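Trainee: Shown below is the structure under consideration.
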Amino acid sequence: MKILFVCVHNAGRSQMAEAFVNYYAKSYSLPVTAKSAGTVSGKSLNPVAVQAMDQVGISMANQLPKLITKEMVDEADLIITMGCGVDAESCPAKFVASVDWGLDDPAGQGIEAVRVVREQIDLRVREMLSLD
């Protein structure tokens, strides 16, 4: 199964979800891969999101924000948007048929707030992969 996580800047939530899925897929030999992308790709990852993932032993050091493409959408078996508010001009839910997780945006937040979002993503990924 191929999962595509989409948010606006592809700098935090979607990157963490991609990292969790790929980590668990490798750890449990699951036939699943994840990618992430943004509708308005950011310039760099949220450094606090990178720090929060490092704290649980999952590196995002080699990940970069990516702009969503038609090919990514066509290849995905499941598309999950991370929550951006339906009024946001570049909200992925306006462009992509998907499931929305409705998560708070960690941009500009401190480590405590980002940890909360990280834990919400981890829980949803584990439930989706039937790891709990």
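Trainee: Please indicate, with yes or no, whether at least one residue in the range 55-67 is assigned to a strand (DSSP E or B), at pLDDT below 95 and surrounded by fewer than 22 Cβ atoms within 10 Å (Cβ to Cβ). Talk me through it step by step, then tell me what you get.
Mentor: As a first pass, look at the range 55-67 and keep what is assigned to a strand (DSSP E or B): 67.
When the remaining residues are screened for being at pLDDT below 95, the result is 67.
Subsequent filtering for residues that are surrounded by fewer than 22 Cβ atoms within 10 Å (Cβ to Cβ) retains 67.
Within the range 55-67 (the criterion being assigned to a strand (DSSP E or B), at pLDDT below 95 and surrounded by fewer than 22 Cβ atoms within 10 Å (Cβ to Cβ)), the answer is yes, since at least one residue qualifies.
Trainee: Can you tell me which condition residue 45 does not meet? The list is (1) touching a strand residue (DSSP E or B) at 6+ places or on another chain (Cβ under 9 Å); (2) part of a loop (DSSP other than H, G, I, E, B); (3) under 12 Å from residue 63 (Cα atoms), and all the others hold.
Mentor: (1)
Trainee: Still on this model: Go through the range 25-37 and report how many residues are in contact (Cβ under 8 Å) with a residue 40 or more places away in the chain and either closer than 16 Å to residue 80 by Cα or in a loop (DSSP other than H, G, I, E, B) (or both).
Mentor: Qualifying residue count for the region: 3.
Trainee: While we're here: Out of everything in the range 11-40 that is charged (D, E, K, R) and touching a strand residue (DSSP E or B) at 6+ places or on another chain (Cβ under 8 Å), what residue ends up being surrounded by the most Cβ atoms within 10 Å (Cβ to Cβ)?
Mentor: 13
Trainee: Is the range 87-102 home to any residue that is closer than 17 Å to residue 21 by Cβ and modelled with pLDDT of 90 or more?
Mentor: yes
The values are calculated or read from the model by the stated rules, or taken from the named source; none is laboratory data. Predicted, not measured: the structure shown is a model, and the values here were computed from it. Heads up, the Cβs are rebuilt from the backbone with ideal geometry, glycines too, and the neighbour counts pull from every protein chain shown.
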